[in-house]
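See below for the structure under consideration.
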Amino acid sequence: MHSSMIGKVEKAMRYAHEPDRVKVGRLTASFSGDNGTHTVSLDADTWHCDCHLFESAGGCSHTLAIQKMLDPMLSDAAKDTPLYGRSEAAALA
Ligand SMILES: [Zn+2]
């Protein structure tokens, strides 16, 4: 491998430990929950899930779990959901 490419790989390995460099703008994911598989998406800082709770509450365990997984890679707006706020309060209690 060219030495310049080795430098790029080394930089990537360092970047891989610095997730706050990345902001996820859009995603679609399949979530294997305890009671079934759900499709979760994020687009323009707005979450969606095809489960019943999301429809009534505007958030659910699936979207919250992904928010926690991706936390440093989400914009403030993408963290701004009712359940996310409650999880912060629970962590402090
Ligand atoms: Zn859900």
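Out of Ser87, Ser56, Ser61, Ser41, I need the residue that is surrounded by fewer than 12 Cβ atoms within 10 Å (Cβ to Cβ) and among the polar types (S, T, N, Q). Which one?
Being surrounded by fewer than 12 Cβ atoms within 10 Å (Cβ to Cβ) and among the polar types (S, T, N, Q) holds for just one of Ser87, Ser56, Ser61, Ser41, which is Ser56.
Could you list, in sequence order, the residues of the stretch 67-84 that are surrounded by 15 or more Cβ atoms within 10 Å (Cβ to Cβ), farther than 13 Å from Phe31 by Cβ and within 14 Å of the ligand (Cβ to nearest atom)?
Passing the criteria: Thr81, Leu83, Tyr84.
Could you list, in sequence order, all residues of the stretch 69-88 that are over 20 Å from Leu53 (Cβ atoms) and part of a helix (DSSP H, G or I)?
Asp71, Pro72, Met73, Asp76, Ala77
So, of the residues in the stretch 55-66 that are in contact with a helix residue (DSSP H, G or I) (Cβ under 8 Å, 6 or more places away or on another chain) and either under 13 Å from Thr28 (Cα atoms) or of a type in the set (Gly, Ala, Ser) (or both), which turns out to be nearest to the ligand (Cβ to nearest atom)?
Per the criteria, the residue is His62.
I'd like the full set of residues that are modelled with pLDDT of 95 or more and touching a Gly at 6+ places or on another chain (Cβ under 9 Å), limited to the stretch 19-59.
Residues satisfying the conditions are Leu42, Asp43, Trp47, Cys49, Cys51.
Among the numbered criteria (1) in contact with a strand residue (DSSP E or B) (Cβ under 7 Å, 6 or more places away or on another chain); (2) under 18 Å from Ser75 (Cα atoms), which single criterion is violated by Asp20?
The single condition Asp20 does not satisfy is (1).
Residues of the stretch 1-54 being more than 10 Å from the ligand (Cβ to nearest atom), of a type in the set (A, V, I, L, M) and either within 12 Å of the chain's Cα centre (by Cα) or assigned to a helix (DSSP H, G or I) (or both), which ones?
Met5, Ile6, Val9, Ala12, Met13, Val22, Val24, Leu27, Ala29, Leu42
Only one of these conditions is not met by Ser32: (1) over 22 Å from Ser75 (Cα atoms); (2) touching a residue at least 40 places away in the same chain (Cβ under 8 Å). Which number is it?
(2) is the only condition that Ser32 fails.
The values are calculated or read from the model by the stated rules, or taken from the named source; none is laboratory data. Quick caveat: nothing in here was measured; it's all calculated off a predicted structure. Note that we place each Cβ from the backbone using ideal geometry, even for glycine, and neighbour counts take in every protein chain shown.
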